[in-house]
Amino acid sequence: MKQVQFSAVFSGGTFGFAEFKLRRNGLLYTVFVIRGSGTNLLVLEPGLYLISVQAVAPPGGAEITISEPTNPPTPDFFDEGPIFKSYVLSI
Amino acid sequence: MKKNIKFLILLLAMTWLNSHGQVDTNSVKKELIRSDVNIRSGNTRDVLTNFFQLALNDLTGPDKRFRLSTNLFALRLKTNPKLNIDSFYKRNTFWRNSNLDFDVKLDSNYKFNGAAFGYRYAIVNKRDFTLAKDFERLIWTALEDHRKIADTINGLIAKTFSGNPNLLIRFNDELNEYTAQGSNKRFGELSDTLKRIIKTALPDRTFDEDWRFARSAKEIYVNVKDRYKNKFLWVASLNASTYSDGFLFSNIDLSTQATSGISNPDARNNVEFDINAKLSFLDDTIKTGRKLNRQMLSAEGGLNWVFRDRNTDKSILELKGSFEYNYILNGVYANEERRLFTLNATLRFRVTDEIWIPFEIKYDPEDSNVFGFLSIKSNFDWLKGLRN
């Protein structure tokens, strides 16, 4: 079991939001939304995760970070507009 | 050849209209108007130093003029970029809605040669989609198809390669490349394996080989943004200018304007209403001395029909019908009417990208006078191209 922090920072507007969908070993694990800049902390069971992010960034862009204790953080910067990106995480 | 024809048309138009010719000087040399973009970021001291350097460079340059048009929030961001984060952004209403313009001129001997100042505040700005409460719902709904496609493919990739991290990473990377912002990748450029996965995940769908996921999603986003372009906007402004020989105001204008589209925002041709009122304090040139003792009140309201080109979406013809009321509160000249009410009609059509020709007719119902005005408004940026 490991703690993983999901964070989103939106700039230049108030409508920024991101939906995170976690699939573990090919099966849906959990779904949550960060509306406006914020973080969500989850305790994840060991496994191979595909974390899909669907989001929309305001004109100032968005910064999405998925970090867990054993791996360095993965900050990702996005321009204004729709965001479709997935991350593979092994725990 | 084309350029020469444009030039000839312009010369003929100017000759023909020379008695009422009017050039929109605001748009001439617009590249010389500085904004926050020209000011470097840094701490307050650096920003101020950069600002004064810029002003000094322009005032000692060939035009001897410094013009700045900026949003106050954009200026604040130069010293503190964190203010752009949504929670701070929301709180800075006053700064976001405030715009400042100023224009200072020197003569050939580097002496003060006049200045103009303007401050504009958006009292209500429904065009600012960045704060629109319904934007999130609208864009999320508009992107539903893209979201479903991405989600279904992700689900199948996760399932197919759940026992093989390397393949999961490889195909996830390829999919990310296809869906990434700014990607121009076509569906046809995907690997056969990924195409097979996508077709398996979405058997009822046919994918055009030229379909670009990222570009298509961005177009949807822009379309949703565009729905806010014609929403209600109400601004108030204060403008003042000085005499050219001293720092004393020669006129002050207090004005307000409200405008909004009233037809379907997705329609190519639309109608918008426009109401404005202005209170002007002017120097009475008949009297000696410099006092703003001539005051005028003017108001105008009307509807503007905008007709757009089917292919470019640019406005090609505009027809405005309005009423106008002018009232001189103080300082009426001899043989001048204190009140004037007119019905106006303005037809503007676009000759080229840069040239608009407006025809304006004013009707005074009291005296049954018809004032016909014909004017040409243009910025002449394209003339630079003719020189090269």
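Bear in mind these aren't lab numbers, they're just calculated from the coordinates by the rules spelled out. These numbers come from a predicted model, not from an experiment. Heads up, the Cβs are rebuilt from the backbone with ideal geometry, glycines too, and the neighbour counts pull from every protein chain shown.
For the reader, a short list of remarks on this structure follows.
- Efficiency of FRET from Cβ geometry, B:Phe187 and B:Leu54, R₀ 51 Å, rounded to 0.05: 0.60
- Contact order relative to length of chain B, as percent, for alpha carbon pairs under 8 angstrom and 6 or more apart: 12
- With Cα atoms, 0 to 90° folded angle of helix B:165-179 axis to chain B main axis: 30
- Axis of helix B:2-16 versus longest Cα principal axis of chain B: the two differ by about 30°, to the nearest ten degrees.
- The modelled label-to-label distance between B:Asn109 and A:Arg35, using points 7 Å beyond Cα along the C-beta direction, is 6.7 nm.
- In this Cβ point-charge picture (+1 for Lys and Arg, -1 for Asp and Glu), chain A has a dipole of about 300 debye about its Cα centre.
- Within straight-line cross-link reach of A:Lys2, aspartates and glutamates at Cα separation under 17 Å, skipping those fewer than 8 residues along the same chain: A:Glu45, A:Glu68
- Remark: for residue pairs B:Lys199/B:Lys225; A:Lys21/B:Lys225; B:Lys218/B:Lys314; B:Lys229/B:Lys320; B:Lys159/B:Lys195; B:Lys133/B:Lys229, the C-alpha separation exceeds 23 Å in B:Lys199/B:Lys225; A:Lys21/B:Lys225.
- Structure remark: mean-square fluctuation, Gaussian network model of chain B, C-alpha springs under 10 Å; the largest value among B:Asn172, B:Asn239, B:Asn264 belongs to B:Asn172.
- Axis of helix B:44-59 versus longest Cα principal axis of chain B: the two differ by about 50°, to the nearest ten degrees.
- Each of B:Asn184, B:Tyr221, B:Leu194 was scored by the projection of its Cα onto the charge dipole of chain B, and the greatest displacement toward the positive side belongs to B:Leu194; charges sit on the C-beta of Lys, Arg, Asp and Glu.
- A full extension of the chain between B:Asn293 and B:Thr200 corresponds to an added length of 25.5 nm, given 0.36 nm per residue minus the alpha carbon distance.
- The residue list B:Ile316, B:Ala277, B:Gly261 was ranked by how far each Cα lies along the charge dipole of region B:232-323 toward its positive end, using unit charges on Cβ atoms, and B:Ala277 comes out on top.
- Sequence-ordered 3J(HN,Hα) estimates for region B:214-226 from the Karplus curve with 6.51, -1.76 and 1.60 and θ = phi - 60° stand at 5, 5, 5, 5, 5, 4, 5, 4, 5, 4, 5, 4, 4 Hz, glycine and proline given as x.
- Student exercise, the protein assembly as shown dipole from Lys, Arg, Asp, Glu Cβ charges, in Debye to nearest 20: 580
- For chain B, the 222 nm mean residue ellipticity estimated from helices alone, with every DSSP H stretch of n ≥ 4 adding -39500 (n - 2.57) and the total spread over all residues, rounds to -9500 deg cm²/dmol.
- For the peptide B:174-187, the mean number of other protein chain Cβ atoms found within 10 angstrom of a residue's Cβ is 2.
- Relative contact order, whole percent, for region A:2-90 stands at 35, derived from Cα pairs under 8 Å and 6 or more residues apart.
- Gaussian network model of chain B, springs between alpha carbon atoms under 10 Å - residue of B:Asp86, B:Asp210, B:Asp253 with greatest fluctuation: B:Asp210
- Cα gyration tensor of region B:169-306 - equivalent ellipsoid semi-axes, whole Å, descending: 60, 20, 9
- Dipole axis of chain B (+1 Lys, Arg; -1 Asp, Glu on Cβ), positive-most option in B:Phe135, B:Ile357, B:Leu48: B:Leu48
- Relative packing of peptides B:226-237, B:350-361 - highest average C-beta neighbours within 10 Å first: B:226-237, B:350-361
- Highest to lowest packing among B:150-159, B:122-131, scored as the average C-beta count within 10 Å: B:150-159, B:122-131
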